[in-house]
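The values are calculated or read from the model by the stated rules, or taken from the named source; none is laboratory data. This is a predicted model, so every value here is computed, not measured. A quick note on method: Cβ atoms are made from the backbone with ideal geometry, for glycine too, and the neighbour counts reach across all protein chains shown.
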Amino acid sequence: MTLALERVTTPAVTAAAAVPLVTGGERDYANLDHAASAPCLEAVRRAVDEFLPHYASVHRGAGFASQVSTKVYERTRDVLRRFVGARPSDAVVFTRNTTDALNLLARSVPRHTSVVLFDTEHHAALLPWRGPNVRRIPLPNTRLAAVSAVDSALAECPEGPRLVVVTGASNVTGELLPVAEIAAVARRHGARVALDGAQLAPHRPISVRELDVDYVVLSGHKLYAPFGAGALIGRGDWLRAADPYLAGGGATKLVRRDGDGIGVAWHSGVERHEAGSPNTVGVYALGVACEQLAASWDAVAAHERELLERLTRGLAAVPGLAELRLFDGAAERVGTVSFVLDGFEPGWVAAVLSAEYGIGVRDGAFCAHIAVRRLVERNGGEGKQALRVSLGLGTTTEHVDRLVTALRQIVARGARWTYGVVDGRWAPCPDPRPLPDFLR
(Lines give C-alpha, C1' and ligand atoms only; values in the text may rest on other atoms or scores of the structure.)
Protein backbone atom coordinates (compact mmCIF):
# COMPACT_ATOMS: atom_id res chain seq x y z
CA MET A 1 0.00 0.00 0.00
CA THR A 2 1.28 3.46 -0.86
CA LEU A 3 0.21 6.69 0.74
CA ALA A 4 -2.66 8.35 -1.08
CA LEU A 5 -1.69 11.30 -3.27
CA GLU A 6 -3.83 13.48 -5.49
CA ARG A 7 -1.94 15.88 -7.71
CA VAL A 8 -4.36 18.75 -7.64
CA THR A 9 -3.71 22.46 -7.89
CA THR A 10 -4.68 23.23 -4.30
CA PRO A 11 -5.61 20.51 -1.81
CA ALA A 12 -9.28 20.73 -0.88
CA VAL A 13 -10.49 20.71 2.71
CA THR A 14 -13.59 19.01 4.02
CA ALA A 15 -16.48 21.46 3.74
CA ALA A 16 -17.48 23.06 7.03
CA ALA A 17 -21.06 22.68 8.19
CA ALA A 18 -23.31 25.70 8.17
CA VAL A 19 -23.59 27.32 11.59
CA PRO A 20 -26.69 28.85 13.21
CA LEU A 21 -26.90 32.56 13.98
CA VAL A 22 -28.54 34.12 17.02
CA THR A 23 -30.47 36.41 14.70
CA GLY A 24 -32.03 33.42 12.93
CA GLY A 25 -31.09 31.18 10.04
CA GLU A 26 -27.71 29.74 9.17
CA ARG A 27 -24.51 30.87 7.48
CA ASP A 28 -21.68 28.89 5.98
CA TYR A 29 -18.89 28.83 8.53
CA ALA A 30 -15.98 31.21 7.93
CA ASN A 31 -13.17 29.37 9.68
CA LEU A 32 -10.49 31.97 10.34
CA ASP A 33 -8.82 29.99 13.11
CA HIS A 34 -6.54 27.65 11.13
CA ALA A 35 -3.58 28.40 13.40
CA ALA A 36 -5.37 26.60 16.24
CA SER A 37 -6.54 23.56 14.28
CA ALA A 38 -6.90 23.22 10.53
CA PRO A 39 -9.79 21.36 8.91
CA CYS A 40 -9.26 17.93 7.41
CA LEU A 41 -8.10 17.62 3.82
CA GLU A 42 -10.57 15.75 1.64
CA ALA A 43 -7.75 13.45 0.50
CA VAL A 44 -6.90 12.70 4.13
CA ARG A 45 -10.50 11.88 4.98
CA ARG A 46 -10.80 9.51 2.03
CA ALA A 47 -7.43 7.91 2.76
CA VAL A 48 -8.40 7.26 6.37
CA ASP A 49 -11.73 5.75 5.26
CA GLU A 50 -9.81 3.47 2.88
CA PHE A 51 -7.32 2.46 5.56
CA LEU A 52 -9.71 1.77 8.44
CA PRO A 53 -10.73 -1.75 7.27
CA HIS A 54 -7.01 -2.65 7.44
CA TYR A 55 -6.40 -1.08 10.83
CA ALA A 56 -4.73 -3.36 13.38
CA SER A 57 -1.82 -3.47 15.82
CA VAL A 58 1.64 -2.74 14.47
CA HIS A 59 5.03 -4.48 14.69
CA ARG A 60 3.99 -7.58 16.60
CA GLY A 61 1.01 -9.02 14.75
CA ALA A 62 1.20 -11.90 12.26
CA GLY A 63 -2.18 -11.15 10.73
CA PHE A 64 -2.43 -9.53 7.31
CA ALA A 65 -4.11 -6.38 8.66
CA SER A 66 -1.33 -5.99 11.21
CA GLN A 67 1.28 -6.31 8.46
CA VAL A 68 -0.51 -3.66 6.39
CA SER A 69 -0.74 -1.32 9.37
CA THR A 70 2.94 -1.83 10.16
CA LYS A 71 3.93 -0.92 6.60
CA VAL A 72 1.76 2.20 6.70
CA TYR A 73 3.24 3.24 10.02
CA GLU A 74 6.88 2.70 9.07
CA ARG A 75 6.62 4.14 5.55
CA THR A 76 5.26 7.35 7.00
CA ARG A 77 8.61 7.94 8.69
CA ASP A 78 10.17 8.30 5.24
CA VAL A 79 7.33 10.58 4.14
CA LEU A 80 8.05 12.93 7.04
CA ARG A 81 11.81 12.90 6.41
CA ARG A 82 11.15 14.01 2.85
CA PHE A 83 8.56 16.56 3.92
CA VAL A 84 10.99 18.42 6.19
CA GLY A 85 14.12 17.82 4.07
CA ALA A 86 15.73 15.75 6.80
CA ARG A 87 18.92 13.71 6.66
CA PRO A 88 18.50 9.99 5.83
CA SER A 89 19.87 9.11 9.26
CA ASP A 90 17.49 11.38 11.18
CA ALA A 91 15.14 9.69 13.62
CA VAL A 92 11.38 10.13 13.28
CA VAL A 93 9.51 9.67 16.56
CA PHE A 94 5.73 9.82 16.37
CA THR A 95 4.08 11.83 19.13
CA ARG A 96 0.65 13.24 19.92
CA ASN A 97 1.48 16.80 18.83
CA THR A 98 4.15 19.51 18.97
CA THR A 99 3.84 19.91 22.73
CA ASP A 100 4.42 16.20 23.22
CA ALA A 101 7.38 16.24 20.83
CA LEU A 102 9.10 19.15 22.57
CA ASN A 103 8.58 17.59 25.98
CA LEU A 104 10.14 14.40 24.63
CA LEU A 105 13.13 16.36 23.38
CA ALA A 106 13.44 18.20 26.70
CA ARG A 107 13.52 14.83 28.48
CA SER A 108 16.22 13.59 26.10
CA VAL A 109 18.85 16.35 26.19
CA PRO A 110 22.00 15.46 28.14
CA ARG A 111 22.28 16.68 31.72
CA HIS A 112 23.59 20.21 32.13
CA THR A 113 22.60 21.17 28.59
CA SER A 114 22.34 24.95 28.19
CA VAL A 115 19.08 25.91 26.47
CA VAL A 116 18.53 29.30 24.82
CA LEU A 117 15.15 30.49 23.56
CA PHE A 118 13.05 33.64 23.28
CA ASP A 119 10.47 34.25 26.00
CA THR A 120 7.88 35.02 23.31
CA GLU A 121 7.71 31.38 22.21
CA HIS A 122 4.52 29.35 22.28
CA HIS A 123 4.12 27.64 25.64
CA ALA A 124 4.82 24.28 24.00
CA ALA A 125 8.37 25.48 23.33
CA LEU A 126 8.72 27.81 26.31
CA LEU A 127 7.74 25.63 29.26
CA PRO A 128 9.33 22.15 28.96
CA TRP A 129 12.84 23.33 29.80
CA ARG A 130 13.94 23.38 33.42
CA GLY A 131 17.06 24.15 35.41
CA PRO A 132 19.59 26.93 35.93
CA ASN A 133 21.05 26.63 32.42
CA VAL A 134 17.85 27.73 30.66
CA ARG A 135 18.05 31.26 29.24
CA ARG A 136 14.73 32.75 28.16
CA ILE A 137 15.67 36.00 26.48
CA PRO A 138 13.38 38.88 25.39
CA LEU A 139 12.81 38.99 21.64
CA PRO A 140 14.23 42.25 20.20
CA ASN A 141 12.32 44.43 17.76
CA THR A 142 14.39 43.51 14.70
CA ARG A 143 15.43 40.24 13.09
CA LEU A 144 19.09 41.25 13.12
CA ALA A 145 18.94 42.05 16.84
CA ALA A 146 17.27 38.68 17.45
CA VAL A 147 20.24 36.90 15.90
CA SER A 148 22.65 39.00 17.96
CA ALA A 149 20.69 38.23 21.14
CA VAL A 150 21.08 34.49 20.56
CA ASP A 151 24.79 35.01 19.86
CA SER A 152 25.26 36.86 23.15
CA ALA A 153 23.25 34.33 25.16
CA LEU A 154 25.25 31.42 23.78
CA ALA A 155 28.52 33.19 24.54
CA GLU A 156 27.49 33.32 28.21
CA CYS A 157 26.64 29.62 28.43
CA PRO A 158 28.95 27.33 30.40
CA GLU A 159 30.92 24.59 28.71
CA GLY A 160 28.90 21.58 27.69
CA PRO A 161 25.99 20.73 25.35
CA ARG A 162 23.96 23.67 24.08
CA LEU A 163 20.58 23.87 22.38
CA VAL A 164 18.71 26.77 20.78
CA VAL A 165 14.93 26.42 20.50
CA VAL A 166 13.22 28.70 17.98
CA THR A 167 9.89 28.86 16.22
CA GLY A 168 9.67 29.00 12.45
CA ALA A 169 6.65 31.30 12.38
CA SER A 170 5.06 33.14 15.29
CA ASN A 171 1.67 31.76 16.24
CA VAL A 172 0.74 35.31 17.32
CA THR A 173 1.76 37.43 14.35
CA GLY A 174 2.67 34.93 11.64
CA GLU A 175 6.09 36.54 11.18
CA LEU A 176 8.96 34.28 10.19
CA LEU A 177 11.92 34.09 12.53
CA PRO A 178 15.46 34.22 11.06
CA VAL A 179 16.00 30.51 11.60
CA ALA A 180 18.91 30.01 9.17
CA GLU A 181 20.79 33.01 10.60
CA ILE A 182 20.21 31.81 14.17
CA ALA A 183 21.40 28.33 13.19
CA ALA A 184 24.60 29.77 11.74
CA VAL A 185 25.28 31.56 15.04
CA ALA A 186 24.49 28.39 16.97
CA ARG A 187 27.02 26.43 14.93
CA ARG A 188 29.78 28.90 15.82
CA HIS A 189 29.08 28.15 19.48
CA GLY A 190 28.81 24.40 19.00
CA ALA A 191 25.08 24.45 19.74
CA ARG A 192 22.26 22.42 18.25
CA VAL A 193 18.98 23.94 17.04
CA ALA A 194 15.43 22.69 17.53
CA LEU A 195 12.84 24.21 15.20
CA ASP A 196 9.22 24.50 16.31
CA GLY A 197 7.61 23.98 12.91
CA ALA A 198 3.99 23.81 14.06
CA GLN A 199 2.97 27.13 12.49
CA LEU A 200 5.43 27.07 9.58
CA ALA A 201 4.87 23.56 8.23
CA PRO A 202 1.29 24.14 6.94
CA HIS A 203 2.38 27.21 4.96
CA ARG A 204 5.97 26.81 3.72
CA PRO A 205 8.39 24.03 2.80
CA ILE A 206 10.88 23.20 5.56
CA SER A 207 14.38 21.88 4.89
CA VAL A 208 16.31 20.66 7.90
CA ARG A 209 19.45 20.50 5.79
CA GLU A 210 19.13 23.93 4.18
CA LEU A 211 18.27 25.63 7.48
CA ASP A 212 20.99 23.56 9.18
CA VAL A 213 18.86 22.70 12.19
CA ASP A 214 19.07 19.49 14.19
CA TYR A 215 15.44 18.87 15.11
CA VAL A 216 12.02 19.87 13.87
CA VAL A 217 8.66 19.24 15.52
CA LEU A 218 5.18 19.51 14.03
CA SER A 219 1.52 18.66 14.60
CA GLY A 220 -0.97 16.90 12.35
CA HIS A 221 -3.88 18.99 13.58
CA LYS A 222 -2.17 22.10 12.18
CA LEU A 223 -1.39 20.26 8.93
CA TYR A 224 -4.97 19.41 7.89
CA ALA A 225 -4.74 15.95 9.50
CA PRO A 226 -6.76 16.30 12.72
CA PHE A 227 -6.32 12.74 13.92
CA GLY A 228 -4.04 13.27 16.90
CA ALA A 229 -0.51 12.66 15.62
CA GLY A 230 2.67 14.73 15.56
CA ALA A 231 6.37 14.06 15.19
CA LEU A 232 9.88 14.83 16.40
CA ILE A 233 12.37 14.53 13.56
CA GLY A 234 16.12 14.91 14.02
CA ARG A 235 19.43 13.58 15.22
CA GLY A 236 19.13 10.28 17.01
CA ASP A 237 22.11 10.24 19.39
CA TRP A 238 20.49 12.14 22.28
CA LEU A 239 17.28 10.17 21.81
CA ARG A 240 19.09 6.82 21.90
CA ALA A 241 20.96 7.78 25.07
CA ALA A 242 17.92 9.06 26.95
CA ASP A 243 15.63 7.07 29.19
CA PRO A 244 12.42 6.03 27.44
CA TYR A 245 9.85 8.81 27.33
CA LEU A 246 7.19 6.34 28.50
CA ALA A 247 7.67 2.92 30.05
CA GLY A 248 5.60 0.16 28.52
CA GLY A 249 5.09 -2.34 25.76
CA GLY A 250 6.78 -1.67 22.46
CA ALA A 251 9.70 0.18 24.05
CA THR A 252 11.18 -3.03 25.44
CA LYS A 253 13.34 -5.77 23.92
CA LEU A 254 13.27 -7.96 27.01
CA VAL A 255 11.64 -7.92 30.43
CA ARG A 256 12.58 -10.47 33.10
CA ARG A 257 12.46 -11.04 36.81
CA ASP A 258 15.60 -9.71 38.47
CA GLY A 259 15.60 -10.84 42.07
CA ASP A 260 12.73 -9.05 43.75
CA GLY A 261 12.50 -6.55 40.91
CA ILE A 262 12.14 -6.36 37.14
CA GLY A 263 15.00 -6.17 34.66
CA VAL A 264 14.35 -4.35 31.39
CA ALA A 265 16.33 -4.11 28.16
CA TRP A 266 15.02 -1.16 26.16
CA HIS A 267 15.03 -0.76 22.40
CA SER A 268 17.83 1.49 21.15
CA GLY A 269 15.97 2.99 18.19
CA VAL A 270 12.92 5.23 17.91
CA GLU A 271 10.76 2.47 19.40
CA ARG A 272 12.43 3.38 22.70
CA HIS A 273 10.18 6.46 22.88
CA GLU A 274 7.01 5.00 21.35
CA ALA A 275 5.67 2.79 24.13
CA GLY A 276 2.10 1.59 23.89
CA SER A 277 -0.09 1.02 20.85
CA PRO A 278 0.56 3.96 18.53
CA ASN A 279 -1.96 6.17 16.78
CA THR A 280 -1.53 4.43 13.44
CA VAL A 281 -4.55 6.13 11.86
CA GLY A 282 -3.27 9.56 12.93
CA VAL A 283 0.21 8.79 11.63
CA TYR A 284 -1.19 7.69 8.28
CA ALA A 285 -3.35 10.83 8.06
CA LEU A 286 -0.32 13.01 8.84
CA GLY A 287 1.69 11.36 6.08
CA VAL A 288 -1.07 11.80 3.49
CA ALA A 289 -1.45 15.48 4.41
CA CYS A 290 2.29 16.05 4.11
CA GLU A 291 2.36 14.47 0.66
CA GLN A 292 -0.56 16.60 -0.47
CA LEU A 293 1.08 19.82 0.67
CA ALA A 294 4.49 18.89 -0.71
CA ALA A 295 2.96 18.43 -4.16
CA SER A 296 1.17 21.79 -4.04
CA TRP A 297 3.47 24.37 -2.41
CA ASP A 298 3.29 26.92 -5.22
CA ALA A 299 -0.50 26.89 -5.22
CA VAL A 300 -0.65 26.95 -1.41
CA ALA A 301 1.63 29.99 -1.27
CA ALA A 302 -0.24 31.85 -4.02
CA HIS A 303 -3.60 31.21 -2.34
CA GLU A 304 -2.33 32.48 1.00
CA ARG A 305 -0.54 35.50 -0.45
CA GLU A 306 -3.68 36.74 -2.22
CA LEU A 307 -5.83 36.32 0.88
CA LEU A 308 -3.26 37.84 3.24
CA GLU A 309 -2.92 40.96 1.10
CA ARG A 310 -6.70 41.28 0.98
CA LEU A 311 -6.95 40.80 4.74
CA THR A 312 -4.26 43.30 5.73
CA ARG A 313 -5.72 45.96 3.39
CA GLY A 314 -9.16 45.43 4.87
CA LEU A 315 -8.02 45.49 8.50
CA ALA A 316 -6.03 48.66 7.92
CA ALA A 317 -9.30 50.43 7.06
CA VAL A 318 -11.09 49.40 10.28
CA PRO A 319 -11.21 52.38 12.69
CA GLY A 320 -9.33 51.83 15.94
CA LEU A 321 -7.69 48.58 14.86
CA ALA A 322 -3.99 48.12 15.71
CA GLU A 323 -2.12 45.14 14.30
CA LEU A 324 0.47 43.40 16.46
CA ARG A 325 3.95 42.82 15.04
CA LEU A 326 7.09 41.36 16.57
CA PHE A 327 9.54 43.16 14.33
CA ASP A 328 9.84 46.74 13.12
CA GLY A 329 9.31 47.07 9.39
CA ALA A 330 7.93 44.51 6.97
CA ALA A 331 8.82 40.93 7.80
CA GLU A 332 7.79 37.91 5.76
CA ARG A 333 4.88 36.12 7.37
CA VAL A 334 2.40 33.31 7.01
CA GLY A 335 -1.34 33.96 6.98
CA THR A 336 -1.75 34.84 10.66
CA VAL A 337 -2.63 38.33 11.91
CA SER A 338 -3.34 39.44 15.49
CA PHE A 339 -4.78 42.80 16.48
CA VAL A 340 -6.58 44.80 19.15
CA LEU A 341 -9.64 46.95 18.59
CA ASP A 342 -9.67 50.16 20.59
CA GLY A 343 -12.50 50.22 23.11
CA PHE A 344 -13.62 46.62 22.54
CA GLU A 345 -12.76 43.54 24.58
CA PRO A 346 -11.37 40.77 22.33
CA GLY A 347 -13.55 38.04 23.82
CA TRP A 348 -16.69 40.10 23.26
CA VAL A 349 -15.76 40.82 19.64
CA ALA A 350 -15.06 37.13 18.99
CA ALA A 351 -18.43 36.17 20.45
CA VAL A 352 -20.25 38.69 18.25
CA LEU A 353 -18.39 37.56 15.13
CA SER A 354 -19.39 33.97 15.84
CA ALA A 355 -23.00 34.49 16.91
CA GLU A 356 -24.05 37.14 14.39
CA TYR A 357 -21.77 36.59 11.39
CA GLY A 358 -20.80 32.90 11.44
CA ILE A 359 -17.10 33.73 11.72
CA GLY A 360 -14.62 31.81 13.87
CA VAL A 361 -11.55 33.69 15.13
CA ARG A 362 -9.37 33.21 18.21
CA ASP A 363 -9.33 35.56 21.18
CA GLY A 364 -7.06 35.50 24.20
CA ALA A 365 -3.30 35.09 24.50
CA PHE A 366 -2.89 32.11 22.16
CA CYS A 367 -0.67 30.06 24.53
CA ALA A 368 1.92 32.81 24.17
CA HIS A 369 1.05 35.01 27.13
CA ILE A 370 4.35 36.88 27.33
CA ALA A 371 4.35 37.72 23.64
CA VAL A 372 0.75 38.94 23.56
CA ARG A 373 1.07 41.02 26.71
CA ARG A 374 4.25 42.67 25.44
CA LEU A 375 2.81 43.42 21.99
CA VAL A 376 -0.45 44.81 23.37
CA GLU A 377 1.50 47.10 25.70
CA ARG A 378 3.73 48.17 22.81
CA ASN A 379 0.58 49.37 21.03
CA GLY A 380 -0.47 51.42 24.04
CA GLY A 381 -2.98 48.92 25.42
CA GLU A 382 -3.27 47.64 28.94
CA GLY A 383 -4.96 44.28 28.32
CA LYS A 384 -3.44 40.85 28.08
CA GLN A 385 -5.51 39.58 25.17
CA ALA A 386 -5.95 40.12 21.46
CA LEU A 387 -7.85 38.80 18.45
CA ARG A 388 -6.21 36.48 15.95
CA VAL A 389 -7.22 35.74 12.37
CA SER A 390 -5.47 32.82 10.67
CA LEU A 391 -5.91 31.82 7.06
CA GLY A 392 -5.58 28.44 5.41
CA LEU A 393 -6.64 26.27 2.52
CA GLY A 394 -10.28 26.49 3.61
CA THR A 395 -10.33 30.30 3.53
CA THR A 396 -12.07 32.18 0.71
CA THR A 397 -12.16 35.81 -0.32
CA GLU A 398 -15.76 35.95 0.91
CA HIS A 399 -14.60 34.89 4.39
CA VAL A 400 -12.04 37.68 4.47
CA ASP A 401 -14.50 40.28 3.19
CA ARG A 402 -17.16 39.13 5.63
CA LEU A 403 -14.75 39.58 8.54
CA VAL A 404 -13.71 43.08 7.50
CA THR A 405 -17.33 44.13 6.97
CA ALA A 406 -18.33 42.66 10.33
CA LEU A 407 -15.56 44.49 12.19
CA ARG A 408 -16.51 47.79 10.59
CA GLN A 409 -20.14 47.24 11.54
CA ILE A 410 -19.25 46.32 15.11
CA VAL A 411 -17.17 49.48 15.47
CA ALA A 412 -19.91 51.61 13.94
CA ARG A 413 -23.04 50.26 15.63
CA GLY A 414 -22.07 47.57 18.15
CA ALA A 415 -23.86 44.25 18.46
CA ARG A 416 -27.41 43.30 17.54
CA TRP A 417 -27.72 40.85 20.46
CA THR A 418 -26.98 40.90 24.16
CA TYR A 419 -23.86 39.22 25.55
CA GLY A 420 -22.56 38.27 28.97
CA VAL A 421 -19.75 36.28 30.54
CA VAL A 422 -20.72 32.61 30.90
CA ASP A 423 -18.25 30.19 32.50
CA GLY A 424 -15.49 32.75 32.04
CA ARG A 425 -16.15 33.51 28.35
CA TRP A 426 -18.32 35.98 26.47
CA ALA A 427 -21.43 34.37 25.00
CA PRO A 428 -24.86 35.38 23.68
CA CYS A 429 -27.46 35.80 26.43
CA PRO A 430 -29.73 34.06 25.73
CA ASP A 431 -28.20 31.75 23.16
CA PRO A 432 -30.93 30.29 20.92
CA ARG A 433 -28.53 28.47 18.59
CA PRO A 434 -29.30 24.72 18.51
CA LEU A 435 -26.47 22.24 18.95
CA PRO A 436 -25.84 19.64 16.22
CA ASP A 437 -28.00 16.56 16.42
CA PHE A 438 -25.15 14.33 17.61
CA LEU A 439 -24.81 16.49 20.75
CA ARG A 440 -28.48 16.55 21.68
What are the residues in the range 250-266 that are at positive phi and either part of a strand (DSSP E or B) or surrounded by fewer than 10 Cβ atoms within 10 Å (Cβ to Cβ) (or both), if any? 259
Kindly provide the set of residues from the range 410-427 that are within 19 Å of residue 386 (Cβ to Cβ) and basic (Lys, Arg), ordered by number. 425
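How do the strands (runs of 3 or more DSSP E) wholly within the range 375-433 filter down when requiring 2 or more residues that are farther than 23 Å from residue 319 by Cβ: which remain? Write out each step before concluding.
Details: elements: 386-390, 419-422, 425-428.
Strands (runs of 3 or more DSSP E) meeting the threshold: 419-422, 425-428.
Search the range 57-80 for residues being β-branched (Val, Ile, Thr) and closer than 30 Å to residue 195 by Cβ, and hand back the single one that is surrounded by the fewest Cβ atoms within 10 Å (Cβ to Cβ).
Filtering the range 57-80 down to residues β-branched (Val, Ile, Thr) leaves 58, 68, 70, 72, 76, 79.
Going one step further and asking which of them are closer than 30 Å to residue 195 by Cβ, we end up with 58, 70, 72, 76, 79.
Details: 58: 21, 70: 17, 72: 23, 76: 26, 79: 20.
It comes out as 70.
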Among the listed residues 275, 330, identify the single one that is hydrophobic (A, V, I, L, M, F, W, C), outside any helix (DSSP H, G or I) and outside the structural domain of residue 33 (by TED's automatic domain parsing). 275
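For the range 305-319, state whether one or more residues are outside the structural domain of residue 177 (by TED's automatic domain parsing), assigned to a loop (DSSP other than H, G, I, E, B), touching a residue at least 60 places away in the same chain (Cβ under 8 Å) and surrounded by 23 or more Cβ atoms within 10 Å (Cβ to Cβ). Reasoning before the result, please.
Within the range 305-319, the first condition is being outside the structural domain of residue 177 (by TED's automatic domain parsing), and the residues that meet it are 305-319.
Next, only the ones that are assigned to a loop (DSSP other than H, G, I, E, B) stay: 317-319.
If we keep only those that are touching a residue at least 60 places away in the same chain (Cβ under 8 Å) too, we end up with 317-319.
Narrowing further to those that are surrounded by 23 or more Cβ atoms within 10 Å (Cβ to Cβ): none.
No.
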Would it be correct to say that residue 208 is among the β-branched types (Val, Ile, Thr), buried (at least 20 other Cβ atoms within 10 Å of the Cβ), within 28 Å of residue 164 (Cα to Cα) and touching a helix residue (DSSP H, G or I) at 6+ places or on another chain (Cβ under 8 Å)? no
Sort out which residues of the range 81-103 are crowded, with 23+ Cβ neighbours inside 10 Å and either within 17 Å of the chain's Cα centre (by Cα) or assigned to a helix (DSSP H, G or I) (or both), and write them in order of number. 83, 84, 93, 94, 95, 98, 101, 102
Are any of the residues in the range 241-248 under 27 Å from residue 110 (Cβ atoms) and either without any contact (Cβ under 8 Å) to a residue 12 or more places away in the chain or touching a His at 6+ places or on another chain (Cβ under 7 Å) (or both)? yes
